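Values in this text are rule-based calculations from the coordinates and carry no lab data. Model, not experiment: these values are computed from the prediction. Neighbour counts run over all protein chains shown; Cβ positions are idealised from the backbone, glycine included.
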Amino acid sequence: MEILHVSAECYPVAKAGGLGDVVGALPKYLNAAGHIAKVVMPMYRTKFLYDNKWEVVHKGSAYLGNTWFDYTIIKEARNSLGFDLYLVDINGLLDRERIYSYEDDPERFISFQIAVVDWVASWKHHPDIIHVHDHHTALIPFMIKYCYPYQNLAEIPTVLTIHNAQYQGWLDWSKSDYIPHWDGWRWGVLDWNNMINPLAAGIRSAWKVTTVSWSYLHEMREESNGLEALFEYERGKCAGILNGIDTKVWDPETDSYLDEHFSINTLPEGKRANKESLCTEFGLNQEKPLFVFIGRLVGEKAAELLPKAIGDSLYYMNQRMNFLVLGSGEPYIEGELDNMREYWAGNYNARIGYNEKLSHKMYAGADFLLMPSRVEPCGLNQMYAMRYGTVPVVRRTGGLRDTVKDIGEPGGYGICFNQASVGDITNAVFRGTELYEDKVYFNAIRKQLMQKDFSWDNSAQQYIDVYKSLLP
C-alpha cells in the first residue's frame with residue numbers, strides 16, 4: 001500500500017507536541033512493514049530546511065477565495081528520515097518560523113490543504129490511502145469528496161487521526177469561499193453550531209476516524225469541546241490506537257543527547273551519572289528524589305497548579321525532594337514558576353522554553369515525571385520516561401490511564417491519582433518520595449519500567465489493519 005500522511009508537524013522538521021513525534025515515527029514503521037509511507041507538510045523556515053538538500057517536484061496554482069496563489073512542492077533528496085518527505089511552500093503564508101499562533105492561521109492551513117489536494121490530483125497514480133492528522137488537515141476528506149475540481153480523488157479512502165479534539169479550527173461562514181468550489185447541498189457537513197468546524201467536517205467525511213488511545217476515544221463522547229454528540233453518532237467508524245514511541249530516538253543506550261549512556265543492566269550507575277550532571281547544572285541536591293515536569297505550561301496540562309503543588313510539597317514535607325520544570329506556555333504560569341527559583345533555591349529550578357536536548361537529559365536523570373494533565377489524549381512523555389527508568393506520576397485520564405498502572409495494584413509500576421488538584425498532586429509526590437526511600441523496591445520498579453514495550457511495531461500493525469479494511 002501507498003499511504004500519504006498530511007500533517008502540520010513532523011519531527012525533526014517542525015514539532016510543537018506529540019503530533020510531530022507521531023508523524024515522524026509512524027511512516028518509518030509502515031515502511032519497515034513493507035508499505036510505502038510518505039509525509040507532506042508545510043515548508044516552515046526551520047533549521048531542518050536549511051540543513052538538508054531538496055528538489056522541486058511540482059509547481060502549481062490555486063484559488064483561496066478570490067486570491068490566486070502559487071505553490072511549490074519540494075522533496076527531501078536523501079531520504080534521511082526513513083520515508084519520503086515533501087514540503088509545501090506558499091510565499092506569504094507558510095514561509096514562517098513558527099508553526100502556529102499567527103492571526104492568519106486559517107488562511108495558512110486551508111491554502112496548504114488546497115495545495116496538497118491540487119498536487120495529488122495531478123499525480124499519474126493515486127495513493128491507496130490519504131491519512132490526515134488533526135483539524136489543520138481535516139478539510140481534505142471533505143474536499144476530495146465534495147469539491148468539484150477534485151472528484152477524481154473521491155474514491156481514495158481517507159483516515160483522520162485526532163490527536164487532540166479540543167482544537168477544532170472553527171471558521172466563520174464568511175470564509176466558506178476559501179474552500180474550492182463545493183457542493184452547496186453539503187453545507188451541513190461543514191456546519192457545527194453555526195460555524196464551519198473543520199474537525200467535525202473531517203469526522204463526517206473521512207472513511208475512518210482514529211484517536212490516539214482507547215480511553216480517549218471513550219472520553220471524547222463525554223468531553224470533546226462540543227463534539228460529544230458527533231462522536232457518539234459516528235462511533236461505528238471510530239477506533240482507538242495507542243501511539244507508540246520511536247525506540248531508536250528514545251534509547252538510553254544510544255541517545256546522542258546524553259553524556260552517560262546506560263541500559264537495564266547498568267541502570268543504577270547510569271541514572272546516577274545523569275542525575276548528577278542534571279543536578280549540578282541546576283543547583284539541586286542529587287541525594288533527594290528529583291521530580292520533573294516537561295511540557296506545555298497550559299491549563300490542559302494542569303500547569304497552573306504546579307507552583308502551589310511544588311511549594312506545598314517542599315514546605316509540608318520538609319524539602320525532602322527536588323523539582324525541575326521545563327516548558328513554556330501561558331505567561332502568568334511561566335512568571336510564577338520563574339519567580340519561585342530564588343525562594344526555593346537548592347530544591348527547585350525551572351527552564352522556561354523548549355529544549356529537546358535538555359528534555360532527554362531530564363528523562364535520563366530524573367527519578368519521577370509529573371503529568372497532572374486534565375486532558376491527555378495519549379501522552380508520549382510517560383512512555384519516554386519509562387524507557388529511561390523514570391517513574392511516571394500521572395492523573396488517570398486518556399492515554400495515561402491506558403499506559404500507567406499504579407504501584408498499589410498487582411504488577412503496578414507507576415503512581416496514579418484521580419483529580420487535577422493540588423491535593424492529589426502533593427499526595428502523589430509524597431508517595432513517590434516514600435517509594436524513592438525504599439531503594440530495593442524503587443530499583444525493582446525502575447527495571448520493570450525499562451522492560452515495557454511501547455514501540456510502534458504493534459500500533460503500526462493496527463493502522464495497517466485499518467487501511468486494509470478500507471481497500472477493495
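Some observations on this one:
Condition check ((1) part of a helix (DSSP H, G or I); (2) surrounded by 18 or more Cβ atoms within 10 Å (Cβ to Cβ)) across all residues:
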| position | (1), (2) |
| --- | --- |
| Ala229 | yes, no |
| Trp250 | no, yes |
| Glu253 | no, no |
| Tyr257 | no, no |
| Cys279 | yes, yes |
| Asn285 | no, no |
| Phe291 | no, yes |
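- Looking only at region 22-61, residues that are part of a strand (DSSP E or B) and within 23 Å of Asp134 (Cα to Cα) come to 7 in all.
- Search result, residues across region 260-277 that are of a type in the set (D, E, K, R) and either surrounded by 16 or more Cβ atoms within 10 Å (Cβ to Cβ) or closer than 24 Å to Asn347 by Cβ (or both): Glu260, Lys271, Arg272, Lys275, Glu276
- Those residues of region 124-178 which are within 15 Å of Glu2 (Cα to Cα), aliphatic (A, V, I, L, M) and touching a residue at least 40 places away in the same chain (Cβ under 8 Å), in sequence order: Ile129, Ile130, Val132, Val159
- Close pairs from region 81-108: first of a type in the set (Val, Ile, Thr), partner in a loop (DSSP other than H, G, I, E, B), Cβ under 7 Å, at least 6 apart: Val88/Met43; Val88/Leu94; Ile99/Ala8; Ile99/Glu9; Ile99/Ala16; Ile99/Tyr44
- Here Leu19 passes the criteria (1) surrounded by fewer than 18 Cβ atoms within 10 Å (Cβ to Cβ); (2) part of a helix (DSSP H, G or I); (3) not small (Gly, Ala, Ser) except the one numbered (1).
- Scanning region 58-78 for residues that are of a type outside the set (Asp, Glu), in contact with a strand residue (DSSP E or B) (Cβ under 8 Å, 6 or more places away or on another chain), within 22 Å of Thr46 (Cβ to Cβ) and free of Cβ contacts under 8 Å to residues at least 40 places away in the same chain yields a count of 5.
- Across region 139-155, a minimum of one residue is classified as farther than 14 Å from Phe109 by Cα, in contact with an Asp or Glu (Cβ under 6 Å, 6 or more places away or on another chain) and of a type outside the set (A, V, I, L, M).
- Residue within region 452-470 that is under 16 Å from Leu369 (Cα atoms), buried (at least 16 other Cβ atoms within 10 Å of the Cβ) and within 28 Å of the chain's Cα centre (by Cα) present: no
- Taken together, Val429, Val375 contain a single residue that is farther than 25 Å from Asp21 by Cβ and touching a helix residue (DSSP H, G or I) at 6+ places or on another chain (Cβ under 7 Å), which is Val429.
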